[in-house]
1. Can you give the angle from 0 to 90° between the axis of helix B:18-31 and the longest principal axis of chain B, with both taken from C-alpha atoms, to the nearest 10?
2. Sticking with the crude label model, points 7 Å out along Cα→Cβ, report the distance from B:Leu51 to A:Thr61 in nm, one decimal please.
3. What residue among B:Met118, B:Thr37, B:Pro18 has its Cα farthest toward the positive end of the dipole of chain B, where the charges are +1 on Lys, Arg and -1 on Asp, Glu, each on the Cβ?
4. Compute the helix-to-body angle for B:79-92: its Cα long axis versus the longest principal axis of chain B, expressed 0 to 90° and rounded to tens.
5. How well do other chains shield peptide A:59-71, expressed as the mean number of their Cβ atoms within 10 Å of each residue Cβ?
6. Describe numerically, in nm with one decimal, the distance between label points set 7 Å from Cα along Cα→Cβ at A:Lys46 and at B:Ser3.
7. In whole angstrom, and with the biggest value first, how far do the Cα coordinates of the range B:4-129 range along each principal axis?
8. Between the range B:1-50 and the range A:72-91, what is the separation of their alpha carbon centroids in Å?
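All of the numbers you see were taken from the coordinates with simple rules; none came from a lab. These numbers were taken from a predicted model, which means no experiment stands behind them. Heads up, the Cβs are rebuilt from the backbone with ideal geometry, glycines too, and the neighbour counts pull from every protein chain shown.
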Amino acid sequence: MLAEHGESLATCTDVEPVDNGWSDAAEQSSAWSRFYDRHDTAPFFKARRYLTAEFPILMQTNGVTVLEVGCGTGSSVLPLLEANPGARVIACDFSASAVAAINRAIKKAGASTFRRKMMALSGTDAAHACRRSAVTLLLVRCRSVIARKAAAVRGCDS
Amino acid sequence: MPSIDAVLSIFVLSAVVPSREAAFIGAVATAIRPGGTLCLRDYAIGDLPMLRFAASARRLKDAPLFQRGDATLARFYDKEDLVARVMQAAADAGVGLRCSDSEYCCVQVKNRAEQLDMRRVFVHAQFVRES
């Protein structure tokens, strides 16, 4: 399929570049915040159910800990927790609206008892924060209620 | 704070400001425990939006990087280039990564209502932290 793109690609690279620079990191942060302010009622992106098949480590059953840098409204995190109830996820995003939307989704799924500390930081800052063991942005505990609910829906709740 | 077995960066690197890209990769790589995995998925060269952007969006100096109307960025990656830059940026941060898997994923998305065939192309890559 890549080969089929070849011709249109050639056209694409002929476009005259604009070289008056890109917005800086702070502007990017607020641009993504505005994006999620507009799209915070429902997940804007489809649930990425393919991730657990594409990245086998996510399905490790011994309580794998996953850091998602740039979690948006949970298109990756929520399907991951459904697929692997043993996973523990720390998720962060530029946008406070996005993180708030994930928290609402978790609450809706009945996970209100989870430990949730929330703060929106840039991806870089978040990774630094994790290294410093200082900040947990959104900690979704294992044995997630989301996963149990999903299992119940599938009729295999134990 | 638990040690991190895997870092997910899904359609995120493409939105990072180029001047911060190396720092971002370095920070993320450092957060992974030795033996842990960095899981990347992002837009690839030839992806449909790139072809659309070419006609309409603002293209920035460091091609192929575009700024959408809402000011967010979208970069489209060549697989080998992405792998090389991730490993270099990690190495600069003192982290040894080994690329265990990298491929282009071509996805045909049909929009039946509008009779559209959308050819999406993504880069998928996994790196294991060795040191």
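1. Computed tilt is about 40 degrees.
2. 4.4
3. Most positive-ward Cα: B:Met118.
4. 30
5. 6
6. Label-label distance for A:Lys46 and B:Ser3, simple model: 3.8 nm.
7. 48, 29, 22
8. Taking the Cα centre of the range A:72-91 as reference, the centre of the range B:1-50 is 17 Å away.
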